[in-house]
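Read-outs throughout are calculated quantities, based only on the coordinates presented, and are distinct from any laboratory measurement. Given the structure is predicted, the values throughout are model-derived calculations rather than measurements. Reconstructed Cβ throughout: ideal geometry from the backbone, glycine too, with neighbour counts over all protein chains shown.
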Ligand code: GLU
């Protein structure tokens, strides 16, 4: 095992630098785009249920807003760092650009473990987040959304705090709101479904029927669950699902060789994506160590958890059968692993293209909110599939035409669009 420590921001910069050089971007534009334009680091004092006050560290980082207001989720995670949020804000810029929606890139994070906080404490944390930085948020500035361990209820508390302070109603200030409270139908499913819309298109290009494929999944939060639901609905078979177990403070892989029943697994998971081990055993699942998910003999690997999971240290464990690495998480693969993936002939579906369904539906939520007219669910999914397919096709075509690695093709399209906006505005 290697003990290389990966820094997601350095990874994001390496990925950018590689393509910026290919594109021969001028040095001013490079300098501007390889780092965030604005960072806010702050603390949030929260009154805890026991009467004490706990102070949480938080971030909101705006990478670039040349193409539109900054957009991106807020993560609650005990290991959040400024560099992780920097990287994620940068990936949001490329994500919005590759699907061609008029938004920029931002991200937020709070160092906390929401699994140990009561609902009241979570509410006060959300309200505190907004109270500290509300002048920097807003429909025309920076628009948050849910991300790792945050959900629709958190978004609504944040909106309510913002509207209370500013004395108005600004539904487009935040997305991922509950349906009926300004949220879009399909937002919950959008990231996971979008992943599978992209995968479906790639399989079509490769002339592989989806019903003949098997997959192994890491992460069973919102993205993993809905990707698995759509993939199995289309006939694919998920052999293994790995996820974090809060009580044991480690992850497990749940395996069923004849295919996991995703609805059943979802019915025994907690609100943070942890699957109940005892119940899974009762239902006939094998319970294996967490890292086993990557070793399965499947056609497709779907990392849908956190960054830095596919590294040169674990890559030798990837079965020779694997044909596709379908990145549902943000930053699951480290840059030093990309050459190994390419050498093996595995096709990568790069994260910021593959998981762009969430932000695309967030954009739909803003559009519907501003018309005050909400679409039915079929219309949302139809438009989502259209956008994801169009983005995939452009990336795939460029990769084939120029013999580019798919990640580099996606970066080429995204960086070109953002560089163009920067240039048109006269910023560089
Ligand atoms: N957090 C999601 C992402 O990483 C969605 C962001 C959004 O909807 O703004 O893409």
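Legend: calculated FRET efficiency, residue 403 to residue 136, from the Cβ-Cβ distance at R0 = 56 Å, rounded to 0.05, equals 0.85. Given their separation in residues at 0.36 nm each and the Cα-Cα distance between them, residue 43 and residue 17 gain 6.1 nm when the chain is fully extended. Across segment 316-428, Cα-Cα pairs more than 24 Å apart make up 41 percent of the total. Taken over segment 378-428, the alpha-carbon convex hull comes to 91 cubic angstrom per residue. For the peptides 356-362, 375-381, residues were scored by their other Cβ atoms within 10 Å and the scores averaged per peptide; the highest-first order is 356-362, 375-381.
Got a sec? Which residues in segment 168-210 would a label at residue 389 touch, if it sits 7 Å along Cα→Cβ and we count backbone N under 17 Å? 193-210, by backbone N distance to the label point. Build a GNM of the chain with springs between Cα atoms under 10 Å apart, and of 340, 199, 137 the one that fluctuates most is 340. By the helix-only formula, in which each DSSP H run with n ≥ 4 contributes -39500 (n - 2.57) and the sum is divided by residues, the chain has a 222 nm mean residue ellipticity of -13500 deg cm²/dmol.
For segment 40-169, the alpha carbon convex hull comes to 97 Å³ per residue, rounded to a whole number.
Max-minus-min Cα coordinates of segment 233-301 on each principal axis give 32, 23, 20 Å, with the largest extent listed first. From the alpha carbon centroid of segment 347-384 to that of segment 251-312 is 27 Å.
Normalised by the number of residues in segment 184-278, the average gap of Cα pairs under 8 Å and 6 or more apart makes the relative contact order 25 percent. Of all DSSP bridge pairs formed entirely within the chain, close to 55 percent run antiparallel.
Using C-alpha pairs below 8 Å separated by at least 6 residues, the relative contact order for the chain is 16 percent. Comparing mean-square fluctuations of 339, 146, 171 from a GNM of the chain with C-alpha springs under 10 Å, the top value falls on 339. Among 42, 364, 56, sorting on how many other beta-carbon atoms sit within 10 Å of each Cβ, with the fewest leading, yields 42, 56, 364. Of the residues 391, 280, 328, which exhibits the maximal mean-square fluctuation in a Gaussian network model of the chain defined by a 10 Å Cα contact cut-off? In this elastic network of the chain, the residue with the biggest mean-square fluctuation among 391, 280, 328 is 280. Set the Förster distance to 45 Å, then compute FRET efficiency between residue 286 and residue 207 from the Cβ-Cβ distance, nearest 0.05. That pair, residue 286 with residue 207, gives E of 0.90. For segment 127-155 and segment 161-233, what is the separation of their C-alpha centers, rounded to whole Å? Comparing the Cα centres of segment 127-155 and segment 161-233, I get a distance of 19 Å.
Per q in 0.19, 0.26, 0.33 Å⁻¹, report the Debye log10 I(q)/I(0) for segment 121-162, using one uniform scatterer on each alpha carbon and no solvent. Each listed q corresponds, in turn, to -0.50, -0.93, -1.28. For the pair residue 314 and residue 270, label points projected 7 Å from Cα toward Cβ lie 2.1 nm apart. With a Cα-only, solvent-free Debye model of the chain, what are the log10 I(q)/I(0) values at q = 0.07, 0.08 Å⁻¹? Debye curve over Cα of the chain, log10 I(q)/I(0) at q = 0.07, 0.08 Å⁻¹: -0.31, -0.41. Note on segment 194-315: percent of Cα-Cα distances in each 10 Å bin, starting at 0 and stopping at the bin with the largest distance, equals 14, 49, 31, 6, 0.
If you take the Cα centroid of segment 101-120 and the Cα centroid of segment 1-56, the two points sit 15 Å apart.
Going from the residue with the fewest nearby Cβ atoms within 10 Å to the one with the most, 30, 67, 204 rank 204, 30, 67.
Across segment 1-52, Cα-Cα distances exceeding 18 Å account for 58% of all pairs. Here segment 259-374 is treated as a Stokes sphere of Kirkwood radius computed over C-alpha pairs; at 10 °C and 1.306 mPa s its diffusion coefficient rounds to 96 µm²/s.
When only Cα pairs below 8 angstrom with a gap of at least 6 residues are kept, segment 144-217 shows a relative contact order of 23 percent. Checking the a/c ratio against 1.5 first, then a/b against b/c, what shape does the Cα gyration tensor give for segment 145-235? Because a/c hits 1.5 or more and a/b exceeds b/c, segment 145-235 counts as prolate.
For the pair residue 3 and residue 79, label points projected 7 Å from Cα toward Cβ lie 1.6 nm apart.
For segment 102-192, the alpha-carbon radius of gyration amounts to 1.04 times the rule-of-thumb value 2.2 N^0.38 Å expected for a compact globular protein. Peptides 70-76, 399-405 ranked from most to least packed by the mean count of surrounding Cβ atoms within 10 Å: 70-76, 399-405.
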